[in-house]
Amino acid sequence: MATILVVDDSRDVAQLFALLLRESGYAVDIAFGGREALKMLTHQRFDLILLDQNMPDLTGLEVLEAINQMQLAALPAVVMISAYRDTVLVEAARKHGAKDYLLKGSISADDLVDKIKAYC
């Protein structure tokens, strides 16, 4: 069973994604900000990170850059998610190793789970 870290500063959104993924058979942990996510990565291995872009403490891109600099045994797949379409940000996320960039509100629950299945 794959382990997923959901990172989103909105508790409601994070808990919704976590519920959806747990119902699909994944083990899920939640971090409510970028710094919390980075701390969790020092103690636990994740197969995939569902990472919000717009957070008050660190942006998703800043978290992604920090993950790439960490001395992890295996880098998790990262799927960025945001409420905003920004082609420059999408390119930057992919350049830093994000597997995908999804838009909140325009992806169905089934499509989200299908995307996650493709990466872990």
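Can you name every residue in the range 75-89 that is within 16 Å of the chain's Cα centre (by Cα) and surrounded by fewer than 18 Cβ atoms within 10 Å (Cβ to Cβ)?
LEU75, ALA83, TYR84
Which condition from (1) free of Cβ contacts under 8 Å to residues at least 60 places away in the same chain; (2) surrounded by 13 or more Cβ atoms within 10 Å (Cβ to Cβ) is the one that SER106 breaks?
Of everything listed in (1) free of Cβ contacts under 8 Å to residues at least 60 places away in the same chain; (2) surrounded by 13 or more Cβ atoms within 10 Å (Cβ to Cβ), SER106 misses just condition (2).
If I filter the range 59-76 for residues that are closer than 23 Å to GLN15 by Cα and touching a Phe, Trp or Tyr at 6+ places or on another chain (Cβ under 8 Å), do I get at least one hit?
yes
If I filter the range 1-15 down to residues being without any contact (Cβ under 8 Å) to a residue 40 or more places away in the chain and either among the charged types (D, E, K, R) or touching a strand residue (DSSP E or B) at 6+ places or on another chain (Cβ under 6 Å) (or both), which single residue comes out as surrounded by the most Cβ atoms within 10 Å (Cβ to Cβ)?
My answer is ALA14.
Could you count how many residues in the range 38-58 are surrounded by fewer than 18 Cβ atoms within 10 Å (Cβ to Cβ), polar (S, T, N, Q) and closer than 22 Å to VAL88 by Cα?
Count: 1.
Tell me, which residue of the range 38-53 that is in contact (Cβ under 8 Å) with a residue 60 or more places away in the chain and in contact with a Pro (Cβ under 7 Å, 6 or more places away or on another chain) is farthest from LYS115 (Cα to Cα)? Give the derivation first.
Step one: filter the range 38-53 for residues in contact (Cβ under 8 Å) with a residue 60 or more places away in the chain, giving 47-48, 50.
This time we only want the ones that are in contact with a Pro (Cβ under 7 Å, 6 or more places away or on another chain), so: 47-48.
Numbers: ASP47: 14, LEU48: 11 Å.
Top of the filtered list is ASP47.
Just so you know, all these numbers are worked out from the coordinates, no wet-lab data involved. Here the structure is a predicted model, which is why all the values come from computation and not from measurement. No Cβ is skipped: glycine too gets one built from the backbone with ideal geometry, and neighbour counts run over all protein chains shown.
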